[in-house]
Amino acid sequence: MSGWVVEEYLKLANRPYFVNVDHDIGIPVGFGLGSSGAAALSLSYALNEALDIGLSRTEAAQIAHHAEIACKTGLGTVIAEFAGGFEIRTGAGAPGIGSVTKIDLENYKAVVLCLAPISTKSFLTSRMDEINGLGGIMLSKLSVSRSVDDFLTMSREFAGTLGLTEDRCKEPMAALKSRGIESSVALLGQTVFTLVPRAMAKEASDAIKGFGGTLLVCNIDGNGARVL
């Protein structure tokens, strides 16, 4: 995927370049956390600036989106990372084409337990109709309620329908539920996650830290990806 992004920028450049790409990734790869989209988006922003291509932030993000589609590593990850925060997809497509509405989660944290990876490419190839049909129904409901609790409940139901809440995810989710904390499974990975107020982050992480895997407790950035 990185090669795809590089090739697109070399087409736009006014001279030949040798490009060496080094991704520094602070999360597990292949666990449904959007690392492929993040890699494509950050690389696109970096190349746009380093090669002085002159694309807007939106145009650079569109290249990353097309890379994900072409390489079958994701479908809507880039626009979520472009927008930042907790977003509801109100129109499909790349940044500048698709649309989102955002809900403020400034006082929340994400608690994530990465247990095992799942191949996004193989899953998307075989189950797209099922994903689109069920997801559309739930999205309509969420657009009305705009509730984090409703999101977690519907996300768990969605993941359960796809058979993703069994195996290693089942017991950590039950442990959270026993403390009154709803959770779900990231798409796509055996990765349990929840969104909780800051004051509950320790309780949520304590509930699942004994199940192995990699435990992440993260703030929620509301601004979207940008060059630092």
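Please find, among I97, I63, the residue that is among the hydrophobic types (A, V, I, L, M, F, W, C), exposed (fewer than 15 other Cβ atoms within 10 Å of the Cβ) and assigned by TED's automatic domain parsing to the domain that holds L10. Walk me through it before giving the result.
On the way: I63 fails: exposed (fewer than 15 other Cβ atoms within 10 Å of the Cβ).
Of the residues listed, the single one that is among the hydrophobic types (A, V, I, L, M, F, W, C), exposed (fewer than 15 other Cβ atoms within 10 Å of the Cβ) and assigned by TED's automatic domain parsing to the domain that holds L10 is I97.
Run down I88, I69, I103 and say which single residue is over 24 Å from V21 (Cβ atoms) and either in contact with a Leu (Cβ under 9 Å, 6 or more places away or on another chain) or at pLDDT 90 or above (or both). Write out each step before concluding.
On the way: I69 fails: over 24 Å from V21 (Cβ atoms); I103 fails: either in contact with a Leu (Cβ under 9 Å, 6 or more places away or on another chain) or at pLDDT 90 or above (or both).
After applying the criteria, what remains is I88.
Put simply, of S155, S140 the only residue that is surrounded by 18 or more Cβ atoms within 10 Å (Cβ to Cβ), in a helix (DSSP H, G or I) and either modelled with pLDDT of 90 or more or not aromatic (F, W, Y) (or both) is S155. Would a scan of region 23-43 turn up a residue that is out of contact with any Ser or Thr (no Cβ under 7 Å at 6 or more places or on another chain), small (G, A, S), in a loop (DSSP other than H, G, I, E, B) and closer than 30 Å to I137 by Cβ? Yes: one or more hits. When the criteria are applied in full, G160 fails the requirement of being modelled with pLDDT under 80, surrounded by 12 or more Cβ atoms within 10 Å (Cβ to Cβ) and over 12 Å from L188 (Cβ atoms). If the condition is being closer than 20 Å to G96 by Cβ and touching a helix residue (DSSP H, G or I) at 6+ places or on another chain (Cβ under 8 Å), then region 43-57 contributes L43, S44, Y45, L47, N48, I53, G54, L55, R57.
The values are calculated or read from the model by the stated rules, or taken from the named source; none is laboratory data. Quantities reported herein were computed from a predicted structural model and do not represent experimental measurements. Every residue, glycine as well, gets a Cβ built from its backbone with ideal geometry; the counts of neighbours run over all protein chains shown.
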